[in-house]
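This report refers to the structure that appears directly beneath it.
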Amino acid sequence: MLTVIGEGLVDVVQRASGTEAHVGGSPLNVAVGLARLDHPVQFIGRYGRDAYGDSVAAHLRASSVMLPQGPDDLPTSVATAVINDDGAATYTFDLAWELPGLADRLAFILQGTTLLHTGSIATMLAPGAADVLAAVEHAHPSATISFDPNCRPSIITDVDYARQQAEKFASLADVVKASDEDLAWLYPGVDVLESARRWLALGGEEGPAMVVVTRGAAGPWGITAAGEVECPAPEVEVADTVGAGDSFMAALLSGIVDRGLDGAQNREDLRGLPAEGLAALLAHASRAAAVTVSRPGANPPTRSELNGVPEE
């Protein structure tokens, strides 16, 4: 069982041609991406008893994502995305992030979890961030941990606090993915790849086995103990970039699971992944992101769709 914990919300997308509403949220998108790649996955998040909440639950269930947490009495969170002429998205948020009662159910909900993914707003915004950290600490002895900071400076404006939170979660993670924009904001004036190299050392022997940096059209870069690898991004006509990083993350994790490297018992094998193994994972994840950017919204590929995308 794979578990994703984090925010689910509704993206209200504004384009020159009009406005549409889509279910989104970085961790939720990763959960959907993993399910579409044929992995059993559960999503731990929150959504309200309202029309938007109904759409969140329906969207997850449509991709066979399990929902151990029911709706609560708070409004469903909303992100407004404005798409500019080149397809890039900028966001504003109206959200609530808390997970009442989760602490008492962690042992039950996380039973059998071999990989736990989290990130973004869920790891930064109080009071829910403390519950997410508790879940990661609970899962760490038995599960692979993955983390994507997916920073939102319009919500978490204190970069020092955001850096502290990101490093706290990265030091507990086996797999870390960040965008070049994330690292440039967290560490202004520092080369983003140097920041990633420093993250690989966080937590010592309990820290990351790999750190991956997505760089848009420049393609991803990654580092493990075996060395550094970069991969060209597939050429594709971009509809928009919404959800691209989340599709990349889901496919990266899917590749790790497909290789039997999930679960704490495989932590050393993951840490010993050779450079060619990392390169294959980056290429696989890049193809998933390319499918997503080729069509509007956070719409990650299925396994059959991804298998139909030729390798570079």
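General remarks:
- Label point distance in nm, GLU235-VAL78, each placed 7 Å from Cα along Cα→Cβ: 4.2
- Cα gyration tensor shape of the stretch 235-305, rounded if a/c is under 1.5, else prolate or oblate by comparing a/b with b/c: prolate
- Environment charge at GLY128 (Cβ cut-off 11 Å; Lys +1, Arg +1, Asp -1, Glu -1): -2
- Charge tally for ALA79 (other residues, Cβ to Cβ under 10 Å; Lys, Arg +1; Asp, Glu -1): -2.
- A simple count of charges around SER26, restricted to other residues whose Cβ falls under 13 Å of its Cβ and scoring Lys, Arg +1 and Asp, Glu -1, yields -3.
- Computed extension gain for ASP104 through THR92, at 0.36 nm per residue and net of the alpha carbon distance, reaches 1.1 nm.
- In the context of the full set of protein chains, residues of the stretch 1-159 present 39 Å² of accessible surface per residue (probe radius 1.4 Å, heavy atoms only).
- Under 5 Å, built H, 5+ apart or other chain: amide partners of VAL23: ASP11
- For the chain, averaging the sequence separation of C-alpha pairs within contact (under 8 Å, six or more residues apart) and dividing by the residue count gives a relative contact order of 17 percent.
- For the chain, calculated [θ]222 nm from helices alone, where every DSSP H run of n ≥ 4 adds -39500 (n - 2.57): -11000 deg cm²/dmol
- Lys, Arg +1 and Asp, Glu -1 on Cβ, resulting dipole of the chain about Cα centre, debye, nearest 20: 460
- FRET efficiency, 1/(1 + (r/R0)^6) with R0 30 Å, evaluated for GLU137 and THR302 via beta carbons: 0.35
- Two-decimal Rg to Rh for the stretch 57-146 - Kirkwood Rh, Cα set: 1.01
- Cα-based shape type of the stretch 181-312, given that a ≥ b ≥ c are square roots of the gyration tensor eigenvalues and the cut on a/c is 1.5: oblate
- Cut-off 17 Å (backbone N to label point 7 Å along Cα→Cβ of ALA58), residues of the stretch 64-90: 64-65, 71, 76-77
- ALA16-ARG163 pseudo-label distance in nm [points 7 Å out on the Cα-to-Cβ vector]: 3.9
- Per-peptide packing, taken as the mean over residues of other Cβ atoms within 10 Å, places 114-122, 176-184, 67-75, 132-140 in the sequence 114-122, 176-184, 132-140, 67-75 from highest down.
- Solvent-accessible heavy-atom area per residue, rounded to whole Å², over the stretch 213-279 at 1.4 Å: 41
- The length gained by stretching the chain between ARG198 and ALA226 to full extension, at 0.36 nm per residue less their Cα-Cα distance, is 8.6 nm.
- A dipole drawn for the chain from +1 and -1 charges on Cβ atoms has a positive end, and of SER63, GLY227, ALA196 the residue lying farthest that way is SER63.
- Under Karplus coefficients 6.51, -1.76 and 1.60, residue-wise ³J(HN,Hα) of the stretch 174-189 in Hz, glycine/proline x: 8, 10, 10, 10, 9, 7, 4, 5, 4, 5, 5, 6, 5, 10, x, x
- Of all accessible heavy-atom area on the chain, the percent that carbon and sulfur account for (1.4 Å): 51
The values are calculated or read from the model by the stated rules, or taken from the named source; none is laboratory data. Because the structure is predicted, anything quoted here is derived from the model rather than measured. Note that we place each Cβ from the backbone using ideal geometry, even for glycine, and neighbour counts take in every protein chain shown. Note: areas computed on protein heavy atoms with side chains; ligands, DNA, RNA excluded. Shrake-Rupley method; radii C 1.70, N 1.55, O 1.52, S 1.80 Å.
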